[in-house]
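Peer 1: Following this message is one structure expressed as structure tokens.
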Amino acid sequence: MVELKKKEDVSPVCPHCNTDIREVWFNELRTDFGRRYIYFCSKCKKVLGVTHRKGFWMG
Ligand SMILES: [Zn+2]
């Protein structure tokens with residue numbers, strides 16, 4: 001059993017540039033399978049994750 005906790009007082013750290021992520025940027029991709037959202041770090045622009053749902057990154 002894993003608990004999911006909401007934490008607003010800590011920032012996630014980008015695995016690429018190792019800095020606190022203050023903002024996550026995303027781009028909409030149009031593919032043959034529908035829309036995908038690609039999320040990336042606003043600092044180093046490296047990709048953090050891709051999802052088919054908007055507003056839920058790393059999902
Ligand atoms: Zn980064």
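None of the figures in this text is laboratory data; all of them are computed from the coordinates on show. Since the model is a prediction, treat every value here as computed from it, not as a measurement. Positions of Cβ are backbone-derived with ideal geometry, glycine not excepted, and every protein chain shown enters the neighbour counts.
Here is a yes/no grid of residues against (1) in contact with a helix residue (DSSP H, G or I) (Cβ under 8 Å, 6 or more places away or on another chain); (2) assigned to a strand (DSSP E or B); (3) closer than 25 Å to His52 by Cβ:
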residue	(1), (2), (3)
Val2	no, no, yes
Lys6	no, no, yes
Val10	no, no, no
Cys17	no, no, no
Phe26	no, yes, yes
Leu29	no, yes, yes
Arg35	no, yes, yes
Ile38	no, yes, yes
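Peer 1: Let me ask something else. Sort out which residues of the range 19-39 are surrounded by 12 or more Cβ atoms within 10 Å (Cβ to Cβ) and within 20 Å of Lys7 (Cα to Cα), and write them in order of number.
Peer 2: Across the range 19-39, the qualifying residues are Thr19, Ile21, Val24, Trp25, Tyr39.
Peer 1: Which pairs have Cβ atoms under 6 Å, sit 6 or more apart or on different chains, and link a residue in the range 29-48 that is within 10 Å of the ligand (Cβ to nearest atom) to one that is among the polar types (S, T, N, Q)?
Peer 2: Lys43/Thr19
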